[in-house]
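K.L.:
Okay, here's the structure, questions in a sec.
The values are calculated or read from the model by the stated rules, or taken from the named source; none is laboratory data. Model, not experiment: these values are computed from the prediction. Virtual Cβ from ideal backbone geometry, glycine too; neighbours counted across all protein chains shown.
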Amino acid sequence: MPTVGETLAAERRRQGKSLADAVEGTKIRSRLLDALENGNYDALPNTAYVKGYIQSYARFLEISAEPLLDEYRKEEAAFKHKPRATDRYLNIPHETLVPESTQAHAIPRNVWVITAVAVVFVVLLVCTISSLIKAGSTAMPTSPKAGASAEVTASPGEEPTTTVQQSEGSFKVRVTVKKDAASWVQATVDGLVAYDGTLNGGESREWLVNDTVGLKVGKPASVTVTREGQTVALPKGTNVQLTLKVGQ
């Protein structure tokens, strides 16, 4: 019986589509799709991500994802019990080597070297901490930096929380994927890429924005964007872009 990856690759080729077409259609990186097609699970992230990739790939090829997910569960179970390459280094030798009496209590040279390095490291660490404590005792208190932002991950049905204080003029923006859907999303918050990946049905991400947030959404029809709880309209089409600023 073909593996999940073989089934997806065969269907893609049958439809006359290249791997580049699949990357564009699913917004999943080519190295991850290649690993999925070849069953190279060592090169893939955790199970939840792999299931999301399979669902996105099946949706791109317009085939049912359920049989593929069932087959993946079997493959994953077999993969977990597969001996690792490093296990061969754990074999116990047939003969136990007993050192000579003159060497029984000798300390190897590399142990002395490691011990000396560790002692130097501890001394330097203590000196650094002491300097920081002295500097902190004389320094004036400073206000928190503006522009700090935090990403909060929320599981479906759970209300996300954050410990970052919201400064005056900042706002929160949340991206939520509708149930039984998926979309690629990239969020650039205050000039830094805060998220770049595929969100599956029911998943959401939230960020605190102190200046500007730029959003790129692969499938706007599957995504809801809110600003401080108010829905923000997304442009129609695919791979759209949206910019929200403080004060606008």
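K.L.:
If TYR49 satisfies all but one of (1) part of a loop (DSSP other than H, G, I, E, B); (2) hydroxyl-bearing (Ser, Thr, Tyr); (3) modelled with pLDDT of 90 or more, what's the number of the condition it fails?
P.N.:
Tallying (1) part of a loop (DSSP other than H, G, I, E, B); (2) hydroxyl-bearing (Ser, Thr, Tyr); (3) modelled with pLDDT of 90 or more, TYR49 fails exactly one: (1).
K.L.:
Across the stretch 196-213, which residue is nearest to LYS51 (Cα to Cα) among those that are hydroxyl-bearing (Ser, Thr, Tyr) and out of contact with any Phe, Trp or Tyr (no Cβ under 8 Å at 6 or more places or on another chain)?
P.N.:
Checked the stretch 196-213; the qualifying residue nearest to LYS51 (Cα to Cα) is SER204.
K.L.:
Something else now. Within the stretch 175-198, does at least one residue satisfy the condition of being crowded, with 16+ Cβ neighbours inside 10 Å and assigned to a helix (DSSP H, G or I)?
P.N.:
no
K.L.:
Can you tell me which of TYR53, TYR41 is of a type in the set (Phe, Trp, Tyr) and farther than 16 Å from GLU11 by Cα?
P.N.:
TYR41
K.L.:
Does VAL217 satisfy the condition of being outside the structural domain of ILE28 (by TED's automatic domain parsing), aliphatic (A, V, I, L, M) and surrounded by 13 or more Cβ atoms within 10 Å (Cβ to Cβ)?
P.N.:
yes
K.L.:
Next up: Where the second residue is basic (Lys, Arg) and the first is under 16 Å from SER183 (Cα atoms) and lies in the stretch 23-42, which pairs have Cβ atoms under 9 Å and are six or more apart or on separate chains?
P.N.:
VAL23/ARG29; GLY25/LYS17; GLY25/ARG59; THR26/ARG59; LYS27/LYS219
K.L.:
Here's another thing I want to ask about it. With the structure loaded, tell me whether THR162 is polar (S, T, N, Q), within 23 Å of the chain's Cα centre (by Cα) and at pLDDT 95 or above or whether it fails that test.
P.N.:
Against the criterion (polar (S, T, N, Q), within 23 Å of the chain's Cα centre (by Cα) and at pLDDT 95 or above), THR162 does not qualify.
K.L.:
Take the stretch 207-230 and flag every residue that is assigned to a strand (DSSP E or B) and under 13 Å from THR243 (Cα atoms).
P.N.:
Answer for the stretch 207-230, where residues must be assigned to a strand (DSSP E or B) and under 13 Å from THR243 (Cα atoms): VAL209, THR212, VAL213, GLY214, LEU215, LYS216, VAL217, VAL225, THR226, ARG227.
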